[in-house]
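Rule-based calculations on the coordinates, nothing more; no lab input. Remember, predicted model here, so these are calculated numbers, not experimental data. No Cβ is skipped: glycine too gets one built from the backbone with ideal geometry, and neighbour counts run over all protein chains shown.
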Ligand SMILES: Nc1ncnc2c1ncn2[C@@H]1O[C@H](COP(=O)(O)OP(=O)(O)OP(=O)(O)O)[C@@H](O)[C@H]1O
Ligand SMILES: [Mg+2]
């Protein structure tokens, strides 16, 4: 099991390292989200952010956006492997099907989390302090979130077998998930119906703890903190960070279990 | 000992009876040809023998191991070259082989020499560091054959290994097959639509609509029908109507289109 997992993980890394265009995208995407999207939106709002730079506010959100895109890309490779035939090489090898699912998830997690590191490296440029504790905590959270989202993507990939359909479904899932997660703007003052959707959105519980970690280290007014990082509440009850993190972990584990179950069935 | 024993094997896909009650044996070291019109059930049979599809009923052993109850033992003992490509185009030829060696748990010490050996055999050693998507169709096929042999299997399944290849490459692939059989005593189970290749097999089975309709040496088959060419034997047993076309014209057209698209993507 561990040998096969390692081999499948390694294959994803070798493919990644051997693909210059993908590495380019991997490098540029964080810059794009943070400095083009962030700076662009900043021109609209300075009053509503209580003096906090929008790029600073968006920093934890950008971390999550980068993780989501990277994880989904990795999950898509499961569908492509099926469509291009390579999956059969894995399916007839003397390895368990679970190790294919786990190996794929770890490969996606590694690549996504490493891309998250690029965003972390940019922290200073958006006035997030390079505090070792902060960076370490955010990185740990990144690994967990990357794992959960890759697992989720792989689960979808075991259900949808055509690459074209998978891409469409992912677009349909990813964009609303990002828009309703608080990655780009606070979700505490949304109209009720959007508020409900944002609370149902798993990504919300990834963005919030990450933003809280960052805001804990920022020197901002109470009103800014209240407006920009209010946390998530359910019917007035403040959801603790630990519960949020546990939910993300559960999402990952359940997704992988479902993916494994679907994948284990022979034709 | 028998390399393959098949007893009353069936496979249904919903309403479609792809394989109906098929029984046959393949002796160790034999080159066994598996012929039949499109949709006859050849690939489905191979999928069951290589543990990729579960039989609806019946049983089969490969290398002495049951394909349902001893899946991993079967897998260690077989090499496969599928009808459609299954190499990873984003990896180099050598990386594809390394990956395969890892998946089969090969001993690290023997891997480099074995890679050299199989790549030399299919004449791809010089191209080993090029990504596979830069290979031609024939080179990919040869790489798949090399990969199928990496872990020194006792039974090699080849599903239309020479499809879409030029005569030179086809001849080369046949020279590998003969060399393998002579040197390593490998059992070869192959499907083909080329009758001149079927002539080279020790024995040939003709499958039609999921059943085996004839099984013997090429010479005996020709003698029993009273013709000079295997083509005529084939037509004698399977008729002259196009199978996929008559039963399901739209499905067949779609299938042809899908295959053409897959080829175009290479
Ligand atoms: N996964 C599947 N689901 C449903 N039907 C299938 C499946 N696989 C094969 N079949 C059907 O089973 C029958 C036998 O198909 P198979 O691929 O075994 O034929 P074949 O002899 O290999 O043909 P060809 O020479 O065209 O490769 C066909 O009617 C095919 O449509
Ligand atoms: Mg076939």
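In what order do A:70, B:240 fall by count of nearby beta-carbon atoms within 10 Å, going from fewest to most? Don't jump to the answer; show the numbers that get you there.
Details: A:70 29, B:240 7.
So the ranking, lowest neighbour count to highest, is B:240, A:70.
Output the antiparallel fraction of DSSP beta bridges having both residues in segment B:2-262, as a percent to the nearest 5.
Numbers: 21 of 38 bridges.
Around 55 percent antiparallel, to the nearest 5.
Between residue B:133 and residue B:229, what length in nm is gained on full extension when 0.36 nm per residue of separation is reduced by their alpha carbon distance?
Net length gain for the segment: 30.7 nm.
Percent antiparallel among DSSP beta bridges with both residues in the protein assembly as shown, to the nearest 5?
Around 60 percent of the beta bridges assigned by DSSP in the protein assembly as shown are antiparallel ones.
Antiparallel versus total DSSP beta bridges in segment B:61-195: what percent is that, nearest 5?
About 25 percent, rounded to the nearest 5.
Ratio of alpha-carbon Rg to the 2.2 N^0.38 Å globular estimate for the protein assembly as shown, to two decimals, please.
Details: Rg = 28.2 Å, N = 533, 2.2 N^0.38 = 23.9 Å.
Relative to the 2.2 N^0.38 Å estimate, the protein assembly as shown comes out at 1.18.
For segment B:73-125, evaluate the Debye formula with one uniform point scatterer on each Cα (no solvent term) and list log10 I(q)/I(0) at q = 0.14, 0.23, 0.27 Å⁻¹, rounded to two decimals.
-0.40, -1.09, -1.33
For q = 0.11, 0.12, 0.16, 0.20 Å⁻¹, what log10 I(q)/I(0) does segment A:98-248 give under the Debye formula with an equal point scatterer on each alpha carbon and no solvent?
Treating every Cα as an identical point scatterer, log10 I(q)/I(0) equals -0.48, -0.58, -1.00, -1.39.
How big is segment B:1-103 along each principal axis, measuring the range of its Cα positions in Å and listing the largest first?
42, 33, 26
Taking neighbour counts of Cβ atoms within 10 Å as a proxy for exposure, in what order, fewest first, do B:197, B:15 appear?
Ranked by crowding around the Cβ, least crowded first: B:15, B:197.
Under the Kirkwood approximation for Rh and a Cα-based Rg, what ratio Rg/Rh is obtained for segment B:2-262?
0.96
Taking the beta-carbon count within 10 Å as an exposure proxy, list B:234, A:35 from fewest neighbours to most.
By the 10 Å Cβ count, ascending: A:35, B:234.
Using Cα atoms only, what is the angle between the long axis of helix A:132-159 and the major principal axis of chain A, expressed in degrees (0 to 90) to the nearest 10?
Roughly 50 degrees between the two axes.
Would you please give the FRET efficiency between residue A:96 and residue B:117, computed as 1/(1 + (r/R0)^6) with r the Cβ-Cβ distance and R0 = 25 Å, to the nearest 0.05?
0.30
Starting from the coordinates of the alpha-carbon atoms of chain A, obtain the Kirkwood hydrodynamic radius over all distinct pairs and give the value in Å to one decimal.
Numbers: mean 1/r = 0.0522 Å⁻¹.
With all distinct Cα pairs of chain A included, I get 19.1 Å.
Projected area of segment A:1-134, taken from the Cα convex hull and averaged over every viewing direction, in nm²?
Working: hull surface 40.4 nm².
It is 10.1 nm².
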